[in-house]
Amino acid sequence: MARYSRIATFLFAVTAAHAQPPATNSRHSLVDVMAVRATGDPGAAIRTFETPPNPERVSCDILIAGGGMGGVGAALMAGRMGFSVCLTEETDWLGGQATAGGVSALDEHKFIEISGATRTYREFRNRIRQAYRSRYRIAPAADVENFNPGACYVSSLCFEPRMGVEAIEAMLKPYPLRIFKRTQIYRMEVRDGLAVAALAYRFDKSDVVRFEQKWVLDATETGDLLPLAGVPYTVGSEARAETNEPHAAREPNPACVQSFTYPFIIERRDGEDHRLPEPPEYARFRDGQPFSIRLNYPLEFGWKGIVQYVMYGDDAPVPNNMSPRPFFPWRRVLAPKNFQDPVPELALINWPRQDYHDESILDRNAPDQARILQQAKRVSFSFLHWLHTEIAYPGRAGKGHPELKLRPDLMDTADGLSKYPYIRESRRIRARGRVVEQDIVDEYQTGARARWAADSVGTGFYMVDIHPCGANERGRMMMPNPFQIPLGTLLQDKVRNFLPAGKNLGVTHLTNGAFRLHPIEWNVGEAAAAYAGLALRGARTPAVEALQRELAQAGVPLAWFDDLPVEHPAFAAIQVAAMGGYYPVGKEDLHAAPDAPITRREAAEALAAWRKVPTTDAVKLAVERNWMAVDHRNWFHGALPLYWTDIRLELPAAPLKRTGPVTRADLARRLTGL
């Protein structure tokens, strides 16, 4: 990532296909995503309207489009910094893929409980857990610190979507935000390189509102504002010649966008019959997907090979958390064994064979979007019908599981599918920096971390997980090292007050597979809002160092450490010092070791980096410039612990009032003043 971290000054060429100025006609057609049905005319979900001459005007410092993970993270950061915010959301739920998108079995890495998440994202997770504790009596065996309501396999936190909505609303409540649900932006006004206004349609009120803002953050699930603002962007898969990625396609393919899904929740009701009528085109989808709970985890990747799932059970994942045999608990969101009170057994169904991969909704007109969304819903209903009537596997007599009851109330929709599809791949800006496969995948790294990004604004860790498009693309999984989010992936030169705030940042088709997850989207939103906030405070181009300091103080990790929780008193100081090069960052491990004594040699190296003096011999430099003392025999003792009396420089903060060796955290706090 280092080669993409430098903030360039050139302007990307605006392509005719992807950066046309917005149309000037006053008649518009939008798809009301919540009105799409699996049957009937898909065009019934289209709303056609005209822009009135004098729509309602709303002013704010920051306009955030999209109330998903990135939008919520951005709103919290902007509110924390004291700015007025307008937040729009197409559906009537905030939370994006965690709630309206139906993926309440969070896609996270297995170390999420100790590292790799921002302070506010951790609060989101903790609030969900606390909500269950306050409403139910938890079973003694399940009453652990990292309580998982669903006892699912895919994540350490699986829950009912509404619990996520309630947690988000509670987190946003302290801030004077204006939230516009059921609202979609359809036009941007850009003058002299600035997005000065946005027009939005309110589905619930059938009217138009005009936002007049100072900054715009696009946190929509599909990067909807990029074409509206004329920001250059990419769709689909890039050619290998463009990205130099070993696993990229030979030719570019805008149609090759990761498949998307309509999840749903089912309840296990043994002995009952909850079969639904056969949905339209059932046979075609059953055979074409094809439906199966038998998957191949490729041996060439060192995995299990063929895994034949069964419906129920609590078998341990085999091998090594790769895949359990039971299908139902894979994304179970409520497990009766976890509670002393009676609760239903509920599972979220978001399965690869349920993905809709034939077409993408990106850069399509309203009739095409409505038709494609309807087809995706039919795939999900067909998969449920197959589970009800035809699924068969070894060890079980008969076919089908009619006892699986669809629970529309849990998705808060008439049909039981999620309010919004789970979108895996968005339009992506042509940013000043771009993360490619070689930057994060472990086979290209020599140490414990991915390629270092000096302009980091956050961290992430998830496999490169590609759900294939319908263009003969194979699914792919590659394991990265813990990586950073470079600031360069958020910046472009076409519209100066516009930033991506979700999965629409500067990544490729491949690396998007590692950046599209819940905690990373949230982090991107926080970083975008912090950048906009500093610009509103007067820094037209916020300095990287100032931005990193703001983010670290807000609890956003910039460098990956496995032993530095956001609650640690020196968290911000260590993060800032690490990015400044004056904190020891090991190559072979991820440890910060904040409470370990810092050696005199490490201290000399830290002082040289802090003073921004390049050197190959920090000890010699520190002694020659009288930054550090030697003993009476002129020995330095570089491997011994540092004492405050060893330093002769005046540091930003006063020494802590204690004797004994100086810890790494102590020196970071003195050098940063945090």
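Taking into account only those residues within region 128-139 that are free of Cβ contacts under 8 Å to residues at least 60 places away in the same chain and within 10 Å of PHE339 (Cα to Cα), which is farthest from the chain's Cα centre (by Cα)? Only one residue fits best here, namely ARG133.
Each row is one residue, and each column tells you yes or no for (1) within 25 Å of the chain's Cα centre (by Cα); (2) more than 30 Å from ALA65 (Cα to Cα); (3) polar (S, T, N, Q).
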{"position": "THR220", "(1), (2), (3)": "yes, no, yes"}
{"position": "ALA249", "(1), (2), (3)": "yes, yes, no"}
{"position": "TYR282", "(1), (2), (3)": "no, yes, no"}
{"position": "ASP287", "(1), (2), (3)": "no, yes, no"}
{"position": "SER292", "(1), (2), (3)": "no, yes, yes"}
{"position": "TYR297", "(1), (2), (3)": "yes, yes, no"}
{"position": "VAL310", "(1), (2), (3)": "no, yes, no"}
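Name the single residue, out of those in region 639-674 being surrounded by fewer than 20 Cβ atoms within 10 Å (Cβ to Cβ) and among the hydrophobic types (A, V, I, L, M, F, W, C), that is nearest to the chain's Cα centre (by Cα). Selected residue: ALA653.
This table checks each residue for (1) aromatic (Phe, Trp, Tyr); (2) within 29 Å of ILE114 (Cα to Cα); (3) touching a residue at least 12 places away in the same chain (Cβ under 8 Å); (4) in contact with a His (Cβ under 9 Å, 6 or more places away or on another chain).
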residue: ALA577; (1), (2), (3), (4): no, yes, yes, no
residue: GLY586; (1), (2), (3), (4): no, yes, yes, no
residue: LYS612; (1), (2), (3), (4): no, no, no, no
residue: HIS632; (1), (2), (3), (4): no, no, no, no
residue: PRO641; (1), (2), (3), (4): no, yes, yes, no
residue: GLU650; (1), (2), (3), (4): no, no, no, no
residue: LYS657; (1), (2), (3), (4): no, no, no, no
residue: ALA665; (1), (2), (3), (4): no, yes, yes, yes
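Counting only residues that are surrounded by 13 or more Cβ atoms within 10 Å (Cβ to Cβ) and either in a helix (DSSP H, G or I) or of a type in the set (S, T, N, Q) (or both), region 621-638 holds 3 of them.
Could you tell me which residue of region 367-416 is surrounded by the most Cβ atoms within 10 Å (Cβ to Cβ), considering only residues that are among the basic types (Lys, Arg) and in contact (Cβ under 8 Å) with a residue 60 or more places away in the chain? So, considering only residues that are among the basic types (Lys, Arg) and in contact (Cβ under 8 Å) with a residue 60 or more places away in the chain, the one surrounded by the most Cβ atoms within 10 Å (Cβ to Cβ) is LYS377. Kindly evaluate ALA546 against the criterion of being buried (at least 24 other Cβ atoms within 10 Å of the Cβ), at pLDDT 95 or above and farther than 23 Å from ARG428 by Cα. The answer is no for ALA546.
This table checks each residue for (1) under 29 Å from LEU649 (Cα atoms); (2) in contact with a helix residue (DSSP H, G or I) (Cβ under 9 Å, 6 or more places away or on another chain); (3) buried (at least 22 other Cβ atoms within 10 Å of the Cβ).
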residue	(1), (2), (3)
ALA527	no, yes, yes
PHE561	yes, yes, yes
PRO565	no, yes, no
TYR583	yes, yes, yes
THR599	yes, no, no
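Identify, from the list THR15, THR91, THR24, THR9, the residue that is assigned to a loop (DSSP other than H, G, I, E, B) and modelled with pLDDT of 95 or more. Matching residue, one of THR15, THR91, THR24, THR9: THR91. Screening the candidates GLN340, GLN354 for the property of being modelled with pLDDT of 95 or more, more than 28 Å from ASN472 (Cα to Cα) and either in contact with a Phe, Trp or Tyr (Cβ under 6 Å, 6 or more places away or on another chain) or surrounded by fewer than 18 Cβ atoms within 10 Å (Cβ to Cβ) (or both) yields one hit, GLN340.
This table checks each residue for (1) polar (S, T, N, Q); (2) part of a helix (DSSP H, G or I); (3) within 18 Å of ARG162 (Cα to Cα).
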position	(1), (2), (3)
GLU113	no, no, no
GLU123	no, yes, yes
GLN130	yes, yes, yes
SER134	yes, yes, yes
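Contact map, region 235-246: first residue part of a helix (DSSP H, G or I), second residue surrounded by 15 or more Cβ atoms within 10 Å (Cβ to Cβ), Cβ cut-off under 6 Å, separation 6 or more or different chains; pairs are ARG240/ALA248; THR243/VAL436; THR243/THR508.
In region 113-133, the qualifying residues are those that are under 25 Å from PRO329 (Cα atoms), modelled with pLDDT of 95 or more and out of contact with any helix residue (DSSP H, G or I) (no Cβ under 6 Å at 6 or more places or on another chain), and the one that is surrounded by the most Cβ atoms within 10 Å (Cβ to Cβ) is ARG125.
Here is a yes/no grid of residues against (1) over 30 Å from VAL343 (Cα atoms); (2) touching a residue at least 24 places away in the same chain (Cβ under 8 Å):
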{"position": "VAL257", "(1), (2)": "yes, yes"}
{"position": "PHE264", "(1), (2)": "no, yes"}
{"position": "GLU267", "(1), (2)": "no, yes"}
{"position": "ARG284", "(1), (2)": "yes, no"}
{"position": "ARG294", "(1), (2)": "no, yes"}
{"position": "PRO298", "(1), (2)": "yes, no"}
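The residues of region 208-227 that are surrounded by fewer than 24 Cβ atoms within 10 Å (Cβ to Cβ) and part of a helix (DSSP H, G or I) amount to a single one, PRO227.
The values are calculated or read from the model by the stated rules, or taken from the named source; none is laboratory data. Quantities reported herein were computed from a predicted structural model and do not represent experimental measurements. Heads up, the Cβs are rebuilt from the backbone with ideal geometry, glycines too, and the neighbour counts pull from every protein chain shown.
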